[in-house]
């Protein structure tokens, strides 16, 4: 379980135990115009085996400086070794192996002139876990960024068999499942490598980078008997070639999980909806012409991590219930044309994004299915009594969409695209925006 240490207690212990260990550095004259600011994690976690650590910082008003500025770093414990600050913006150090059963903590103080900050370094001990599990397979799903989270979501499965599906598992398999959030995005159309870092269980479900969703149905042990057990506390440490997890359950038992190998998630054994190709079951071109339709617009900020704003648009021919042509679009609007207060920023001509380029302005991500069959980014659908039949659904994968404004709240969408089965999707949708919401996390 996590142990709490007061700063006063740590300092007192350090003064008794040993002298401060300064960093190896070349002193420089302090520029009084500069204020140092931490840019990396304020709490750093290490396994009992130890390892290398890096603290990064920056200076406010750095543009006023005319020379390199190096901060000083110091710690009060001997097990934080090789503390070095010879490069502007960076402090490096090594954490020695902890041969004691209990975890330990200390601080590193980084200072420049009258300004400073402290970083807590925490290291696990050798206390024997009740269960040690060696995972041989890494599976999971990349869900991307949701409208209520600040991090990108990686659902990972550490097990002794290849993952069957995110909703099931192989007979006899033991799986530890973790819902991780990172500040590093992945492409939906590529392999998914778990971002390096330390993740802590978060029962508040903030979705912040560096957290694990603590909800019982998102992070849990899946046993051979098909029972599930939620985590009371958990830490997952991901490196380039391993994943180490320590889990505490509500009964007080502790499990230690180790996986060594590629940190790219394996494919599931069972095909998911996202594995079906083509998704579109149409065999002919699709044409439509909707007038006086109903449009919903939801501003989601930099929802996809592109540096630009996203407007999620869904539009249907008839409402209460939904009937007829139903289109959904993620419009990526340039940042200088974005913002919740600028609905007219959606006006323009869009093309479907090319995965080989980093130019996202006025683009739409290629339509695709998420593993749970949710339609993402760009789709032509047909509703009957608010239900969608997948035989009448087609992801839009290429072409252009032009948005024009006719009057207050009145817009026209001109679609000239193709689906993933080579059929053209051509039509015009004119309608009024009825629902206009800010769903951004910014």
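As I understand it, the value is the acute angle between the Cα axis of helix 7-17 and the longest principal axis of the Cα atoms of the chain; what does it come to in degrees, rounded to 10?
Tilt of helix 7-17: around 30 degrees.
If every alpha-carbon in the range 286-438 counts as one equal scatterer, what log10 I(q)/I(0) does Debye give at q = 0.09, 0.12, 0.14, 0.21 1/Å?
Result of the Debye calculation: -0.25, -0.45, -0.63, -1.50.
What per residue convex hull volume, in Å³, do the alpha-carbon atoms of the range 100-163 yield? Working shown, then result.
Working: hull volume 11.4 nm³, N = 64.
It is 179 Å³ per residue.
Between residue 384 and residue 56, what length in nm is gained on full extension when 0.36 nm per residue of separation is reduced by their alpha carbon distance?
Numbers: separation 328, 0.36 × 328 = 118.08 nm, distance 5.53 nm.
Additional length available on full extension: 112.5 nm.
Once R0 is set to 30 Å, what does the formula 1/(1 + (r/R0)^6) return for the Cβ-Cβ distance between residue 136 and residue 42, expressed as a FRET efficiency to the nearest 0.05? Kindly include the intermediate steps, with their values, before the conclusion.
Values: r = 35 Å, r/R0 = 1.17.
Efficiency, rounded to the nearest 0.05: 0.30.
State log₁₀ I(q)/I(0) for the range 131-270 at q = 0.12, 0.17 Å⁻¹ as given by the Debye formula over alpha-carbon point scatterers of equal weight, solvent excluded.
Normalising to I(0) and taking log10 leaves -0.41, -0.86.
Using a 7 Å offset from Cα along Cα-Cβ at residue 241, what residues in the range 92-115 end up with backbone N under 20 Å from the label point?
Residues 95, 97 qualify, since their backbone N sits under 20 Å from the label point.
Rounded to whole Å and ordered largest first, report the semi-axes of the equivalent ellipsoid of the range 333-399 derived from its Cα gyration tensor (root of 5λ).
Values: eigenvalues 134, 53, 21 Å².
Largest first, the range 333-399 gives 26, 16, 10 Å.
Multiplying the sequence separation of residue 127 and residue 205 by 0.36 nm and subtracting their Cα-Cα distance, what value in nm do you get? Walk me through the numbers before you get to the answer.
Values: separation 78, 0.36 × 78 = 28.08 nm, distance 2.85 nm.
Fully extending the segment from residue 127 to residue 205 adds 25.2 nm.
R0 = 45 Å: FRET efficiency of residue 262 with residue 435, Cβ-based, nearest 0.05? If you can, show how the numbers build up before the last one.
Values: r = 44 Å, r/R0 = 0.98.
Between residue 262 and residue 435 the formula returns 0.50.
Quickly work out the residue 392-to-residue 227 label distance, labels modelled 7 Å from Cα along the C-beta direction, and quote it in nm with one decimal.
4.7
At 7 Å along Cα-to-Cβ for each site, give me the label-to-label distance between residue 217 and residue 99 in nm.
A separation of 4.9 nm, rounded to one decimal place.
Work out, step by step, the length gained on full extension between residue 341 and residue 287: first 0.36 nm times the residue separation, then minus their alpha carbon distance; give nm to one decimal. Please report the intermediate quantities before stating the final value.
Numbers: separation 54, 0.36 × 54 = 19.44 nm, distance 3.33 nm.
Extending this stretch completely gives an extra 16.1 nm.
Return the distance in nm (one decimal) between the two label points of a simple spin-label model at residue 81 and residue 192, each offset 7 Å from Cα along Cα→Cβ.
For the pair residue 81/residue 192, the computed spacing is 3.9 nm.
Using Cα pairs closer than 8 Å and at least 6 residues apart in sequence, work out the relative contact order for the chain, in percent.
This gives 11 percent for the chain.
Could you work out the mean projected area of the convex hull around the alpha carbons of the chain, in square nanometres to one decimal?
Numbers: hull surface 102.2 nm².
If I average the Cα hull's projected area over directions, I get 25.5 nm².
FYI, it's all coordinate maths here, none of it is from the lab. The structure presented is a predicted model; accordingly, all values stated were derived computationally and were not measured. Note that we place each Cβ from the backbone using ideal geometry, even for glycine, and neighbour counts take in every protein chain shown.
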